Amino acid sequence: MAKSNQYDTLILYGLMLTENKSGQYEVKKGAQPHPWRIGKHTKGQVKGPGQIFLTEQNQRVALVETAPLPFKKRHDYQPMGRFTSEQVSLTDLL
C-alpha cells in the first residue's frame, strides 16, 4: 500500500445461503456467484473458500474465491459486513 490511509482490499466471490429445516446451509435457489469487497470497517479475517461471511444486510454468504482488488477500484464493488468463524464444505453445497 502506498499511503497510510489505505487498507488492504480483496474481491470476495460468494453464493447466498439459506438454512433448511435441519439448520444446514444450502445455496439459495437461483443464486449465482456475486462479488463483494472487504471494506474499511470489515470485522474478522478472511480464511479461505467455504468461510461464511455476512453482507451489510446480515445475509449469509459462502466464500467461493478471492481476487486482488486495486484500492482505487474499490468503489466498483459492494462492501461486505463481517467474517464469521463458520465454515461449510463447498462440495456439499454444490
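The table below lists the values:
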| item | result |
| --- | --- |
| Filtered residues of region 40-54 (kept if among the polar types (S, T, N, Q) and surrounded by 15 or more Cβ atoms within 10 Å (Cβ to Cβ)) | 42, 51 |
| Exclusive hit being in contact with a Ser or Thr (Cβ under 6 Å, 6 or more places away or on another chain) and of a type in the set (D, E, K, R), set 43, 28 | 28 |
| Total residues in region 27-64, condition within 11 Å of residue 79 (Cα to Cα), part of a strand (DSSP E or B) and in contact with a Gly (Cβ under 7 Å, 6 or more places away or on another chain) | 3 |
| Sole exception among (1) out of contact with any Pro (no Cβ under 8 Å at 6 or more places or on another chain); (2) closer than 15 Å to residue 8 by Cβ; (3) part of a strand (DSSP E or B); (4) of a type outside the set (Ser, Thr, Tyr) for residue 81, by number | (2) |
| Test: residue in region 54-74 that is among the polar types (S, T, N, Q), under 13 Å from residue 9 (Cα atoms) and under 10 Å from the mean Cα position of the chain (by Cα) | yes |
| Which numbered condition residue 73 fails, given (1) of a type in the set (D, E, K, R); (2) in a loop (DSSP other than H, G, I, E, B); (3) within 19 Å of residue 5 (Cβ to Cβ) | (2) |
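Here, each number is a calculation from the coordinates, and none is a lab measurement. Keep in mind it's a predicted model, so treat the numbers as computed, not measured. FYI the Cβ positions are ideal-geometry reconstructions off the backbone, even for glycines, and counts take in every protein chain you see.
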